[in-house]
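Asker: Mind looking over this structure? Questions follow.
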Amino acid sequence: MWAQASSNKMKIDLHVHSKCSDGRMTLEEIFAEASRRDIDLISITDHDSIDCQEPAKILADRYGIHYLYGLELNISFAHPQYGNSKPISLDLLGYQYDIHYQPLVQELIQLRDFRKVRAERILEKINQEFVSEGLKEFTPKDLEEIQSTVDGAFGRPHIASYMVKTGIVKNIREAFDRYLVRCNVPKMPLSLSKASELVKGAGGKLILAHPADPNGTSLISLTTSIHEQQEIIKETMLLYIDGVECWHTRHEPNVTAAYLSFADEMGLMVSGGSDCHQSPIIMGTVDVPKYVAKRFGLDI
């Protein structure tokens with residue numbers, strides 16, 4: 001079984017975010033830190049963006065770190081037996097795809113353009129809250145200043161950071177708790193089948209990200225039962241995905257073990273990573289075993 005494979009030590013982190021989406025650090029800072037932490041294999045998996053992939057590979061080579069092209073896609077997913085059939089958000093990780101595959105490139109451009117429209121709508125809803133609280137409303141100039149901090153995909157964390165910077169809230173968590181959760185606007189919908197078509201069409205592998213993350217986009221939104229989550233995957237996802245992310249910062253050991261067993265039973269690939277956004281810096285802190293690299297065809 002995979003869970004009993006080689007115990008040889010190496011550091012792997014296949015889930016890291018940069019400033020090309022909602023990470024805090026530049027690529028140069030990430031790879032310098034990864035080198036200091038003796039990370040052997042890494043993947044930058046920015047949200048709906050592959051703009052940083054070519055320079056990331058160049059930096060990885062410069063630092064002597066093995067690299068997988070990565071990407072995180074958010075999809076809309078519904079199941080007739082759970083959550084009153086209402087769609088929830090799930091995240092998928094794409095690896096080893098052709099970064100020049102035009103259907104994928106064009107879809108990501110559309111997703112990026114919609115993110116700006118979404119941000120404008122979120123600010124409109126926040127302004128309604130500001131009016132009720134007697135606060136000064138956001139203006140088009142505020143939107144321009146927020147957008148100037150975006151290197152890639154525009155997301156709610158950019159708005160949150162601006163709210164901290166301007167003193168509206170004390171920290172990122174307060175921005176989400178007071179405004180950004182309540183004032184959220186759905187992302188441009190992307191289906192599981194479409195995401196699979198794009199990533200696999202580009203020759204890549206598609207992995208279900210953090211399936212049981214209690215604080216994030218995961219199947220927990222439908223059910224807290226690991227068994228039921230796995231039944232959902234068996235019934236609706238096996239045609240589209242290549243694997244599951246078993247090791248994750250917010251996966252407890254029993255969850256990792258359950259998903260490793262499930263992946264072994266279903267013949268699925270396994271992956272893992274810190275999901276590091278660099279606040280705090282947790283790159284390389286999730287113990288992903290060496291055999292994961294071999295599952296991606298890498299002889300390290």
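Bear in mind these aren't lab numbers, they're just calculated from the coordinates by the rules spelled out. All figures in this text were calculated on a predicted structure; none of them were measured in a lab. Every residue, glycine among them, receives a Cβ derived from its backbone with ideal geometry; neighbour counts consider all protein chains shown.
Asker: On full extension of the chain, what length is gained from Q106 through E54, given 0.36 nm per residue of separation minus the C-alpha to C-alpha distance?
Answerer: So the extension gain works out to 17.0 nm.
Asker: Residues with beta-carbon under 12 Å from that of Q229, excluding Q229: net charge, scoring Lys, Arg +1 and Asp, Glu -1?
Answerer: -3
Asker: Radius of gyration and Dmax for segment 115-180's Cα atoms, expressed in Å?
Answerer: Rg then Dmax for segment 115-180, in Å: 10.9, 33.
Asker: Okay, next question. For T236, T45, what's the fewest-to-most ordering of other Cβ within 10 Å of each Cβ?
Answerer: Fewest-to-most ranking of T236, T45: T236, T45.
Asker: Right, something else. To the nearest 0.05, what FRET efficiency results for K86 and E252 with a Förster distance of 22 Å applied to their C-beta separation?
Answerer: 0.25
Asker: Taking K86 as the anchor, which lysines have their alpha carbon closer than 20 Å to its alpha carbon, excluding any fewer than eight residues away along the same chain?
Answerer: Straight-distance partners of K86: K187, K194, K234.
Asker: Counting each DSSP H run of 4 or more residues in the chain as -39500 (n - 2.57), what helix-only mean residue ellipticity at 222 nm follows after dividing by all residues, to the nearest 500 deg cm²/dmol?
Answerer: After summing the helix terms and dividing by the residues of the chain, the value is -12000 deg cm²/dmol.
Asker: Kirkwood Rh over Cα pairs of segment 1-152 into Stokes-Einstein at 20 °C, 1.002 mPa s: D in µm²/s?
Answerer: Answer from the Stokes-Einstein relation: 118 µm²/s.
Asker: Another question, then. When only Cα pairs under 8 Å and 6 or more residues apart are kept, what is the percent relative contact order across the chain?
Answerer: 25
Asker: Rank these for me by crowding, S261, S271, going from fewest to most other beta carbons within 10 Å.
Answerer: Ranked by crowding around the Cβ, least crowded first: S261, S271.
Asker: Using the Kirkwood radius over Cα pairs, work out the Stokes-Einstein diffusion coefficient for the chain at 10 °C and 1.306 mPa s, in µm²/s as a whole number.
Answerer: 80
Asker: Each residue of segment 197-205 in turn: what ³J(HN,Hα) in whole Hz from Karplus with 6.51, -1.76, 1.60 and θ = phi - 60°, glycine and Pro shown as x?
Answerer: 4, 5, 6, 6, x, 8, x, x, 10
Asker: Compute the length gained on full extension between V131 and D177: take 0.36 nm times their separation in residues and subtract their Cα-Cα distance, giving the result in nm to one decimal.
Answerer: 14.8 nm
Asker: Using the number of other C-beta atoms within 10 angstrom as an exposure proxy, rank C183, C20 with the fewest first.
Answerer: C183, C20
Asker: Here's a follow-up. Quick one: work out Rg over Rh on the C-alpha atoms of segment 45-113, Rh as Kirkwood radius.
Answerer: Using Cα coordinates only, the ratio equals 1.12.
Asker: How much net charge surrounds A78 when only the other residues with a Cβ under 13 Å from the Cβ of A78 are counted, with Lys and Arg +1 and Asp and Glu -1?
Answerer: Around A78, the surrounding residues sum to 0.
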